[in-house]
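Readers should treat all values here as calculations from the given coordinates under stated rules, not as data from a laboratory. Small disclaimer: the values here were computed from a predicted structure and weren't measured. So basically every Cβ, Gly included, is an ideal-geometry build from the backbone, and we count neighbours across all protein chains shown.
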There are 2 protein chains.
Amino acid sequence: MYRTHSNGELRLQDQGKEVKLVGWVQRVRNLGGMTFIDLRDRYGITQLTINEQADAEVKDIVGQLGREFVIQATGAVVERSSKNSKISTGEIEVIISKIAILNAAEVPPFTIEDESDGGEELRAKYRYLDLRRGPLRRAMELRHRMAQEVRCYLDSVIFLEIETPFLIKSTPEGARDFVVPSRMNQGEFYALPQSPQTFKQLLMVAGYDRYFQIVRCFRDEDLRADRQPEFTQIDCEMAFVEREDVLQTFEGLITHLFKSVLNVEFKEAFPRMSYADAMKYYGSDKPDIRFDMRMVELNDVVKGKNFSVFDNAQYIGGICTEGCADYTRKQLDELTEWVKRPQIGATGLVYIRLTAEGIKSSVDKFYIAEELQKLAALFNAKQGDLILILAGAKRKTMEALGSLRIEMGNRLGLRQKNVYAPLWVYDFPLLEWDDETQRFYAMHHPFTSPKPEDMDKFYSKDKEALRQVNANAYDFVLNGVEIGGGSIRIHEAKVQQRMFEVLGLNAEETAYKFGFIIDAFKYGAPPHGGIAFGFDRFCALFGGQESIRDYIAFPKNNAGRDVMLDAPSKIDEAQMKELGIATIG
Amino acid sequence: MYRTHSNGELRLQDQGKEVKLVGWVQRVRNLGGMTFIDLRDRYGITQLTINEQADAEVKDIVGQLGREFVIQATGAVVERSSKNSKISTGEIEVIISKIAILNAAEVPPFTIEDESDGGEELRAKYRYLDLRRGPLRRAMELRHRMAQEVRCYLDSVIFLEIETPFLIKSTPEGARDFVVPSRMNQGEFYALPQSPQTFKQLLMVAGYDRYFQIVRCFRDEDLRADRQPEFTQIDCEMAFVEREDVLQTFEGLITHLFKSVLNVEFKEAFPRMSYADAMKYYGSDKPDIRFDMRMVELNDVVKGKNFSVFDNAQYIGGICTEGCADYTRKQLDELTEWVKRPQIGATGLVYIRLTAEGIKSSVDKFYIAEELQKLAALFNAKQGDLILILAGAKRKTMEALGSLRIEMGNRLGLRQKNVYAPLWVYDFPLLEWDDETQRFYAMHHPFTSPKPEDMDKFYSKDKEALRQVNANAYDFVLNGVEIGGGSIRIHEAKVQQRMFEVLGLNAEETAYKFGFIIDAFKYGAPPHGGIAFGFDRFCALFGGQESIRDYIAFPKNNAGRDVMLDAPSKIDEAQMKELGIATIG
């Protein structure tokens, strides 16, 4: 037995006990005759005290200790004279009678503290040291708790956890697959799953009724910030369900997670919003509804007043920012620059201030005060408010205004980490037209069912009609971040075949890539639907962070590299030959 | 709402209720005016009854039904006149007033019954139909239960579940890696993990103290029967532990699994046996101790009697099979043929019968009755027993005798499925010498620690000394099947470096492949150890089956193919070009 207690365990009532502790040396303080060691493990920190009466041997060993040495110490628990209320063991200390170095440590390349002095690259290379820091440890503990609670809850509502394969068939439709050359079937490749989508649907065909899995998925995409080539999903599917059944089931799961992990209680049903409303009022398919500041379309009220910017715009809309009427010229200029950045792409910013001295705007030339008052009334604006207006092409401008809304929410402190605003968004378009390849793509994925009332349009040959088909799909949005997405699926072979036809796959391609699932639908497929949650991001949001990287034990960098392992890497010629492949170019 | 109840739910007390059920048509029986449908789902079977009073429309739809149609039926719950005690809903039936076909089904290619008429290949192609059968459904349910109980237990003893990456670095040492070409880092490859071994050790270095994961692993090996290229492990690691801590912790887990999943209680500690004893008494490193029948070495008692087969043998040993003295000549000849098969490889079989008429053997020419009696006494053999003896090269003959022991156990019905005999085997050799490549290989893996008392030998230059080094390793064996294996690991950089040196890796190779873990050991690595269980096999054994294939939802065949998906498969030239690879040969 290496230890009798952990470093987070001893309390005043343990006084007088002889204990054996192990851990890492966080800090050694030598105060004249006394030496204090902060001994750290996953469970906490305990203060070890070496007083003047200690053996020479003990003193000698203590003299050798450095940061991050692994030691074992034996001693007696005593009450501390100066207590530390910040740590759970702060009322006691252990007077050391024996000490041993279990493993020495070189000086770590950065400090192992909540705030480290190490740069990102350095910490990535020594990830095993970075993982010793409090914020990462707490992130891993939170993730563990989330995973356990997800499973406990889904088990309690009789979902079955079923593992699906990782070595599957390459059927890229959307993102790129990672592939794995097969040695036993030379010239052929497995693919790593982008999600277990088809397998979970087959499990519904197989009668499993309620399936889930916390599962790794793989996408070979160019990595934007905070995307990982491998990521984890809470993947779920149910048979004999309509949208309402799915939303209620997973609202149950999410509510349970909030309560059990964060002790946050939701007493009312989560709000719901159509995709059309989300775009109209928030300029986003994932609105952050922690704050209101809804967008108002102004086309009808501002056109025809000889202001060409508005007259020529497809869309004019604004938001009302409370109490910002006193923004200075400089602040407004800076905001104008902000919306003109290429990421936002607006051409300019119109403002209306509701000051004590009356209404003032950057378009006073074109609108009389009465007209501006009428406009302000549409926002329920009051004295002290500032209205910000963008104009231009419809979709782009709505999205830009949505971004401006989020930015103003940030500036006004309306997006607090410890406030949680869940939201269901539903009725997304089924298809997206791509001008470049001159074909439709599935907005969600090709297994998503069209809304029953749009079935006629779905079979139409008219592109415009197809564009208008809505999907029986839904997203779960938390604080403006899309955490989950799902749909009621197609379960009839002929509808699935029509879908592939709409997507421009010919019969041969369809049979080769997706024959197995179309076949499966012919042998008694039940109506079914499901959802998948991005587990990495779910954990990060629960931890109050934007970036997922701290919630993944061994993440990759933006070039898809594991800098600790130095992977990917070259492999032997012999290994390649055995696989029947060669590198080119 | 598609349904009000599942098909396993309705009881006598539900009489009179109007219910809506959904499911698959298992069977339609038309008995003159009455029609009975067995409606199946994951939860059970409910009898639907269509009587003469039913609407013409209902009768019409019922007339169209075939096996595996998906239907929805509404009706009233009534008490059955002829009850069926074999199913949970056997006391009631539902008199149907409305029925709808949710999806038709083509005639399935094999019967969806506990005993199917479909061949293995056909059932593999239509795995989603095979999975509807009772035995597979129960296998999946058992696996689900096992996974939940593993996690609940390990969570309760404060293990943290931490996910490790799947796209890692190729460091083949033992089995072949599956590799994944990197598009973003052309000419380089990721590897899929054979196990998370190095990551879990890094997590111990990172201070996580107790880690687990139920995780997929990948090995590109030539598939023997019942091996899969991807398989699942319960992977665990603990810091600051000795062997005793690990064994006790996981004996707790296993005991919990037996109790919670099978309601089997173990009141006493699991037996333990050294590898040396396992070989000596059972001719196997994974003894089935459900029955005794220990091997007895006979070298001392049988040599020097002019029987050249024994005199020239390195090893002579036997087993005593109770009550088999009446084996006929034919039976003994057949047994002799059995041991001579190449898989066993014995050259012959000597027997001694203890009959009522006295002792009789196939070597009466060389041994007098008194000598045979003395020999029989070594086995505590009694009248009616049969002693079977093999002779030859030591290791090979011991293993052959071990196989014969298992075979006799089977023939005598001593290996009952519902009897469970757990066993810890420990102190394996650390290294295996390979004559072909003229080097040592790690018997477990290169991170396994030598026993402390063998450390001098470990640093020796003498091959014979190295051969004698024992590993601080242990296996968990259940009913003669190795289910788990683990070890106390090396945690000192210099010992790890010595290990790679012993394995014939030069300094450059060691640094390239394993630099990160040797580095990690320099920054305060705690003593640590762990274990991994083969989850597929664990589930199969709990289900009383030898083959793991029914315990994996979508397994591959012996050629590593998924015949349902038809994977692996060819991929586009464009896809390969993007990855910077080409196929050769």
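Amide H to amide H, with H built 1.01 Å from N, A:V241 comes under 5 Å of A:H528, A:G529, counting only residues 5 or more places away or on other chains. Between amide H atoms placed 1.01 Å from N, distances below 5 Å from A:A191 occur with A:I168, A:K169, A:S170, A:V180, all of them 5 or more places distant or on a separate chain.
Evaluate peptide B:308-315: per residue, the Cβ atoms of other protein chains within 10 Å of its Cβ; return the mean as an integer. Don't jump to the answer; show the numbers that get you there.
Values: counts 0, 0, 0, 0, 0, 0, 0, 0.
Partner Cβ neighbours, averaged per residue: 0.
Ranked from shortest, the separations from the 7 Å Cα-to-Cβ label point of B:G323 to its equivalents in the other copies are 9.0 nm. For segment A:291-411, the calculated P(r) over all alpha carbon pairs, in 10 Å bins from 0 to the bin holding the longest distance, is 14, 51, 34, 2 percent.
What is the local net charge at B:A525, summed over the other residues whose Cβ is closer than 14 Å to its Cβ (Lys, Arg +1; Asp, Glu -1)? Each step should come with its number before you reach the end.
Numbers: positive: A:R132, B:K200, B:R489, B:K494, B:K522; negative: A:D41, A:E68, A:E106, B:D209, B:E237, B:E492, B:D519.
Cβ neighbours under 14 Å give a net charge of -2.
Mean separation of Cα pairs under 8 Å and 6+ residues apart, divided by the residue count of chain B: what relative contact order is that in percent? It rounds to 13 percent for chain B.
Taken over the C-alpha atoms, chain A has Rg and Dmax values of 30.1, 93 angstrom.
How big is D for the protein assembly as shown, in µm² s⁻¹ as a whole number, if Stokes-Einstein is applied with the Kirkwood radius of its Cα pairs at 10 °C and 1.306 mPa s? Write out the running numbers ahead of the final one.
On the way: Rh = 34.6 Å.
The diffusion coefficient I find is 46 µm²/s.
The local environment of B:K374, defined by Cβ-Cβ distances under 13 Å, has a net charge of -2 under the rule Lys, Arg +1 and Asp, Glu -1. For a test of the definition: using alpha carbon positions, the gyration tensor, and the 1.5 limit on a/c, classify segment A:472-585 as rounded, prolate or oblate. Oblate shape, in that a/c is at least 1.5 and b/c is the bigger or equal ratio.
Could you tell me what percent of the DSSP beta bridges with both partners in the protein assembly as shown are antiparallel, to the nearest 5?
DSSP beta bridges in the protein assembly as shown are roughly 95 percent antiparallel.
Taking the average, over residues, of other Cβ atoms within 10 Å as the packing measure, peptides B:17-27, A:175-185 rank A:175-185, B:17-27 from highest down. For A:Q213, the residues whose amide H sits under 5 Å from its own are A:D235, ignoring neighbours fewer than 5 places away on the same chain, with H placed 1.01 Å from N.
Tell me the relative contact order for segment A:12-103 as a rounded percent, counting alpha carbon contacts under 8 Å between residues six or more apart. Write out the running numbers ahead of the final one.
Values: 199 pairs, mean separation 31.6, N = 92.
Over segment A:12-103, the number comes to 34 percent.
Return the sequence-ordered ³J(HN,Hα) values of segment B:234-240 in whole Hz as given by the Karplus equation 6.51 cos²θ - 1.76 cosθ + 1.60 applied to θ = phi - 60°, using x for Gly and Pro. Listing the rounded values in order: 8, 10, 9, 8, 9, 9, 6 Hz. Measuring between their Cα centroids, segment A:480-497 and segment A:440-476 lie 10 Å from each other. Using a 7 Å projection from Cα along Cα-to-Cβ, the label point at A:E79 is separated from the same position in the remaining copies by 7.3 nm, smallest value first. Listed values for segment B:456-461 are Karplus-derived 3J(HN,Hα) couplings in whole Hz (6.51 cos²θ - 1.76 cosθ + 1.60, θ = phi - 60°), namely 4, 4, 5, 8, 6, 8, and x replaces Gly and Pro. Using θ = phi - 60° in the Karplus curve 6.51 cos²θ - 1.76 cosθ + 1.60, the 3J(HN,Hα) couplings for segment A:148-158 round to 5, 5, 4, 5, 4, 5, 5, 4, 5, 9, 6 Hz; x is entered for Gly and Pro. Only helices enter this figure: runs of n ≥ 4 DSSP H residues, each worth -39500 (n - 2.57), summed and divided by the residues of chain B, yield -8500 deg cm²/dmol at 222 nm to the nearest 500.
Which net charge results for the neighbourhood of B:L335, defined as the other residues with beta-carbon distances under 13 angstrom from its beta-carbon, given Lys and Arg at +1 and Asp and Glu at -1?
Its environment carries a net charge of +3.
Sorted from shortest to longest, the distances between the B:N557 label points of this copy and the other copies are 4.5 nm, with each point 7 Å from Cα along the line through the beta carbon.
In Å, the Kirkwood hydrodynamic radius of segment A:422-531 over pairs of distinct alpha carbons? Each step should come with its number before you reach the end.
Values: mean 1/r = 0.0684 Å⁻¹.
It works out to 14.6 Å.
Run the Debye formula on the Cα coordinates of segment A:366-498, all scatterers equal and no solvent, and tell me log10 I(q)/I(0) at q = 0.12, 0.16, 0.18 1/Å. The Cα Debye sum returns log10 ratios of -0.73, -0.99, -1.08.
Rounded to the nearest 10 degrees, the inclination of helix B:329-340 to the longest alpha-carbon principal axis of chain B is 80 degrees.
What is the average number of partner chain Cβ atoms found within 10 Å of a Cβ in B:196-209?
Numbers: counts 1, 0, 1, 6, 0, 1, 8, 5, 1, 6, 13, 15, 10, 6.
Taking all residues of B:196-209 together, the mean is 5.
Separation of the alpha carbons by more than 26 angstrom is noted, of B:K98/B:K125; A:K303/A:K394; B:K259/B:K556; A:K169/A:K463, for B:K98/B:K125; B:K259/B:K556; A:K169/A:K463. Take the alpha carbon gyration tensor of segment A:51-185, find the square roots of its eigenvalues, order them as a ≥ b ≥ c, and report rounded if a/c is under 1.5; if not, report prolate when a/b exceeds b/c, else oblate. In terms of gyration-tensor shape, prolate.
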